[in-house]
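The values are calculated or read from the model by the stated rules, or taken from the named source; none is laboratory data. Owing to the predicted nature of the structure, the values given are computational and were not obtained by experimental measurement. When we count neighbours, we look across all protein chains shown, and the Cβ atoms used for this are built from the backbone with ideal geometry, even at glycine. Heavy atoms of the whole protein, side chains included, go into the accessibility calculation; ligands, DNA and RNA do not. Shrake-Rupley method; radii C 1.70, N 1.55, O 1.52, S 1.80 Å.
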Amino acid sequence: MNRLASGPDGGLTTVFPRPSARDADLALGMPRARVATLRGIAAAVVSDPHFFDCDGDLDAKLARLRALPGIGEWTAQ
């Protein structure tokens with residue numbers, strides 16, 4: 001996680017790492033499988049910056065999501 005020196009108006013103090021920091025320490029108290037899923041999504045976005053674009057073939061996009069670790073049909077949809 002990326003810590004900020006101080007949040008605006010005393011609010012936000014931590015931001016999620018950018019996809020390029022996919023090896024960042026994700027010490028959020030999450031199960032290892034969920035961390036692996038987040039890392040898989042980050043790697044997919046780094047390799048294809050248009051991974052989440054809304055155009056193109058929906059079935060192909062769903063298949064790409066389901067191919068990631070921890071992403072099943074319900075989550076892909």
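Looking only at region 30-47, how many residues end up being of a type in the set (Val, Ile, Thr), at pLDDT 85 or above and open to solvent by less than 40 Å² (accessible area, probe 1.4 Å)?
Qualifying residue count for the region: 2.
What pairs come up if the first residue lies in region 24-52 and is farther than 18 Å from Arg66 by Cβ, the second is at pLDDT below 90 and of a type outside the set (A, V, I, L, M, F, W, C), and their beta carbons are under 6 Å apart, counting only those six or more places apart or on different chains?
Within 6 Å, the pairs are Ala24/Pro17; Val46/Pro19; Val46/Ser20.
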